[in-house]
Amino acid sequence: MIRAIRKFIGNIGSLLNRLYNKLSFMYYKTKTGKNLKVNGRIKICGTKGRISIGDNAVINSSEYAIPIGYNCKSVFWILGDGKITIGSNTGMSNVALCSQSSISIGNNVMLGGGVKIYDTDFHSINYIERRNINTDKGRTSKPIVIEDDAFIGAGSVVLKGSHIGARSIIGAGSVVSGSIPADEIWAGNPAKFIRNIE
């Protein structure tokens, strides 16, 4: 009996999440490809920029969707005219993508649990400008590119201006700031070269 009630409540929750996600995609004019699968409820913020998601993408956005302990929802946040482009067959779990410029994620990319990708500093490095927290004065932004088949390990942070080459792997908990060539493994804070992929 309890199992049947849990299943019924779970089905209602899944239906509500699908409706919420569909309405969010429509409201924020998000372009979605075929067979998009969203587990949980995503959060989209911003009005001027644009978001595009390719075919067969999977977005986990629930504490129940992954076993590794990142309990936040997946968040796509657009500042100003920023844009987020996600390729086909890409998977992500409880991630946060924030764009003022552009974040471009290729095909067949995997973003582990809790990955954060920010193409902006959010605040000026000038303390006088930072005193007014309601302004974006002095905030800088540079595009981020993640090429096809890259894998970003859980808990990693990718900062503005980063470029991660095709098939490269970023170890869990790394902080990426800069350019990483294709077919290499990098890890650490800051991320450093570990070895080539053989």
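Go ahead and run the numbers for FRET between ILE128 and ASP183, Cβ-Cβ distance against an R0 of 45 Å, rounding to 0.05. All intermediate terms of the calculation are to be shown ahead of the outcome.
Working: r = 44 Å, r/R0 = 0.99.
FRET efficiency, ILE128 to ASP183: 0.50.
Averaging sequence separations of C-alpha pairs under 8 Å and six or more residues apart, then dividing by the length of the stretch 84-127, give the relative contact order as a whole percent. Please report the intermediate quantities before stating the final value.
Working: 73 pairs, mean separation 18.9, N = 44.
That works out to 43 percent.
Rounded to whole Hz and in sequence order, give me ³J(HN,Hα) for the stretch 116-127 from the Karplus expression 6.51 cos²θ - 1.76 cosθ + 1.60, θ = phi - 60°, writing x for Gly and Pro.
For the stretch 116-127, the Karplus-derived couplings read 10, 10, 10, 8, 9, 7, 6, 9, 5, 7, 7, 5 Hz, x marking Gly and Pro.
Report the label-to-label distance for ASP121 and LYS192 in nanometres (one decimal), using points 7 Å from each Cα along the Cα→Cβ vector.
Label-label distance for ASP121 and LYS192, simple model: 2.6 nm.
Which of the residue pairs LYS29/LYS137; LYS116/LYS192; LYS43/LYS137; LYS83/LYS137; LYS22/LYS48 have a Cα-Cα distance greater than 23 Å in the structure shown? The partial results should precede the final answer.
Values: LYS29/LYS137 27 Å; LYS116/LYS192 18 Å; LYS43/LYS137 26 Å; LYS83/LYS137 20 Å; LYS22/LYS48 19 Å.
Checking Cα-Cα distances, LYS29/LYS137; LYS43/LYS137 exceed 23 Å.
For ILE125, ILE84, write out the residues from largest to smallest accessible area, computed with a 1.4 angstrom probe and no ligands counted. Numbers along the way, then the final one.
Details: ILE125 155, ILE84 0 Å².
The residues order as ILE125, ILE84, largest area first.
Let me check I've understood the local charge: for VAL75, count other residues with C-beta under 12 angstrom from its C-beta, Lys and Arg +1, Asp and Glu -1. What total comes out?
On the way: positive: ARG41, LYS43, LYS73, LYS116; negative: none.
Taking every Cβ under 12 Å from that of VAL75, the sum is +4.
Compute the distribution of all C-alpha to C-alpha distances in the stretch 88-158, in bins of 10 Å from 0, and list the percent of pairs in each, rounded to whole numbers.
So the P(r) values, bin by bin, are 21, 42, 24, 13, 1.
I'd like to compare 53-60, 185-192: which one has the highest average count of other Cβ atoms within 10 Å, and what's the full order after that? All intermediate terms of the calculation are to be shown ahead of the outcome.
On the way: 53-60: 20.0, 185-192: 15.9.
Ranking, from highest mean packing down: 53-60, 185-192.
For the stretch 103-198, what's the relative contact order in percent, using C-alpha pairs closer than 8 Å and at least 6 residues apart?
Values: 262 pairs, mean separation 22.6, N = 96.
Relative contact order, the stretch 103-198: 24 percent.
Leaving out ligands, DNA and RNA but keeping every protein chain, what accessible area does TYR127 have, in Å² rounded to the nearest 10, with a 1.4 Å probe?
Rounded to the nearest 10, that gives 130 Å².
Expressed in whole Å with the largest first, what are the equivalent ellipsoid semi-axes of the stretch 65-198 derived from the C-alpha gyration tensor as the square root of 5 times each eigenvalue? Each step should come with its number before you reach the end.
On the way: eigenvalues 127, 54, 41 Å².
One finds semi-axes of 25, 16, 14 Å for the stretch 65-198.
So, with a 1.4 angstrom probe, what is the percent of accessible area on the stretch 80-123 that is carbon and sulfur?
Values: 600 of 1270 Å².
The nonpolar share, carbon plus sulfur, comes to 47 percent.
Just to make sure I understand: if all protein chains stay in place, what is the order of PHE122, PHE193 by accessible area at 1.4 Å, largest first?
On the way: PHE122 70, PHE193 95 Å².
Reading off the accessible areas and sorting them downward yields PHE193, PHE122.
Would you pull out the residues with amide H under 5 Å of VAL175's amide H, same chain only if 5 or more places away, H placed 1.01 Å from N?
VAL157, GLY188, ASN189, ALA191
The values are calculated or read from the model by the stated rules, or taken from the named source; none is laboratory data. These numbers were taken from a predicted model, which means no experiment stands behind them. Reconstructed Cβ throughout: ideal geometry from the backbone, glycine too, with neighbour counts over all protein chains shown. Surface accessibility is based on the protein's heavy atoms, side chains included, excluding ligands, DNA and RNA. Shrake-Rupley method; radii C 1.70, N 1.55, O 1.52, S 1.80 Å.
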